[in-house]
1. Mind checking which of 69, 80, 29 has the largest fluctuation in a GNM of the chain, springs on alpha carbons under 10 Å?
2. Roughly to the nearest percent, how much of the accessible area of segment 1-121 is carbon and sulfur, given a 1.4 Å probe?
3. Using 7 Å Cα-to-Cβ label points, what is the residue 39/residue 16 separation (nm, one decimal)?
4. Hey, what did segment 19-161 get for relative contact order, percent, Cα under 8 Å, at least 6 apart?
5. Any idea what log10 I(q)/I(0) is at q = 0.13, 0.21, 0.28 Å⁻¹ for segment 94-161, Debye with uniform C-alpha scatterers and no solvent?
6. Under the Karplus relation 6.51 cos²θ - 1.76 cosθ + 1.60, θ = phi - 60°, what is the ordered set of whole-Hz ³J(HN,Hα) values for segment 7-19, x standing for Gly and Pro?
7. Taking the Cβ of residue 121 as the centre, find all other residues whose Cβ is under 12 Å away and add up their charges (Lys, Arg: +1; Asp, Glu: -1).
8. Report the label-to-label distance for residue 160 and residue 127 in nanometres (one decimal), using points 7 Å from each Cα along the Cα→Cβ vector.
Amino acid sequence: MTDIDQAVRALARDLLDHGLKVATAESCTGGGIAQALTEVAGSSDWFERGFVTYSNDAKMEMLGVAAATLERHGAVSEATVLEMARGALTRSRADLSVAVSGVAGPGGGTDDKPVGTVWIAWAQGPDWSRAEVFHFPGDRAAVRRATIAAALDGLRARLAA
């Protein structure tokens, strides 16, 4: 069993204990968080839905991210992932959400946002959200795995608060 598998099983217990459902809004992971969550039998009891919003159009259409936010801050930004996380809540029946957007590589990096830069946001209800930037080392697969693990850790931390 991998660390991600263990994290998902622990998160599942936490969500069930709190009677909550989670939704995901993913860009750079391409649905990897939702895939990891639904590996666990019975996940329909606590996983509500996942949005894979790889393009900016998808972020706007599916999650309600403002065009002005994307133009001003870019897809890989605190403002964008916060809007993604909030949008996942308002467009689902979930109680808690996680959103990710980053540069997994091998290309696409810039001086300001090098490969491995990932923003992750978590939201719960209308009044709580937070975002954090990460700089993960490694190739595309390593960045995506690290993003999934950090997203799960953040969900568990919120439930423990």
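1. It is 69.
2. Carbon and sulfur atoms account for 47 percent of the accessible area of segment 1-121.
3. 1.8 nm
4. Here the relative contact order equals 23 percent.
5. Values, matching the q order: -0.38, -0.81, -1.17.
6. Calculated HN-Hα couplings, in order: 5, 5, 5, 5, 4, 4, 4, 4, 5, 5, 4, 8, x Hz.
7. In short, -1.
8. 2.4 nm
The values are calculated or read from the model by the stated rules, or taken from the named source; none is laboratory data. Please read these numbers as outputs of a predicted model, since none were measured by experiment. Using ideal geometry, Cβ is built from the backbone for each residue, glycine included, and neighbour counts are taken over all protein chains shown. These accessible areas exclude ligands, DNA and RNA; they are computed on the full protein's heavy atoms, side chains included. Shrake-Rupley method; radii C 1.70, N 1.55, O 1.52, S 1.80 Å.
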